[in-house]
Amino acid sequence: MHAWAPFRRVRISSGTSEGRAALAYRRLRSRRISLYEGERMKVQKDSFARIGHAVSAALVVATFVHVAVSWGTMPDSIPAHYGLDGTPDAWGGKGSALVVPCAMLLIFGIFFIASRHPGSWNTGVTVTEENRDAVYRVLGRLIASIEAVSALWLAAVSFIQVEEVRQPWFLLPAMLVLLIGALAFWIRRLYRLK
């Protein structure tokens with residue numbers, strides 16, 4: 001009997017050690033057991049992660065809608081960058097209003113893809129059969145938290161840019177505290193699962 005070895009284009013006899021390994025791999029795959037950590041696995045998202053992803057998606061859509069609705073009344077020159085004190089220090093055309101929503105869409109896409117492939121994450125802890133679900137749940141919550149905070153931050157920046165209001169001085173420090181706080185909280189929870 002012959003078996004196809006995974007990821008190879010040669011036939012291996014089942015009598016060899018490589019052939020037995022290939023057969024064992026195929027049997028495990030038929031039972032949906034993963035040996036390869038980068039392989040896509042079905043992760044059960046909890047309500048926290050679902051809400052975080054939904055909030056992020058809603059903020060991305062709302063930002064695009066806000067820019068589209070405001071496009072006709074927007075002046076030809078709008079603030080493109082703000083200094084630390086909140087005053088504009090660079091100006092751009094109307095098209096610069098699309099930079100932030102497009103960045104939001106890109107970030108949302110990256111986080112969406114990352115949340116679908118938990119086996120490729122560098123967790124910092126050894127993932128075993130016993131703790132795998134808990135580790136992936138914590139990492140899913142971490143990604144949802146970072147995604148939601150990033151979307152909130154960029155939505156606020158886009159609103160400020162389109163409406164041409166002064167950026168509050170505390171926006172950047174507040175968002176950095178939220179971002180670092182979320183990272184620290186979930187990483188601490190992750191290391192408790194060791």
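The values are calculated or read from the model by the stated rules, or taken from the named source; none is laboratory data. What you see is a predicted model; the values in this text were computed from it and never measured. Backbone-built Cβ (ideal geometry, glycine too); neighbour counts: all protein chains shown.
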- prompt: Residues in the stretch 125-137: is at least one touching a Ser or Thr at 6+ places or on another chain (Cβ under 7 Å) and more than 26 Å from residue 160 (Cα to Cα)?
  reply: yes
- line: Residues in the stretch 117-131 that are part of a helix (DSSP H, G or I) and more than 19 Å from the chain's Cα centre (by Cα) total 0
statement: When every residue in the stretch 76-94 that is of a type in the set (Gly, Ala, Ser) and part of a strand (DSSP E or B) is compared, the one nearest to residue 150 (Cα to Cα) is 80
field: One residue from 97, 114, 155 being part of a helix (DSSP H, G or I), modelled with pLDDT under 90 and either more than 23 Å from the chain's Cα centre (by Cα) or among the small types (Gly, Ala, Ser) (or both)
entry: 114
- request: Would you mention how many residues in the stretch 161-184 are assigned to a helix (DSSP H, G or I) and in contact (Cβ under 8 Å) with a residue 40 or more places away in the chain?
  value: 7
Residues of the stretch 81-100 that turn out to be farther than 16 Å from residue 156 by Cβ and free of Cβ contacts under 8 Å to residues at least 12 places away in the same chain, as a count: 4
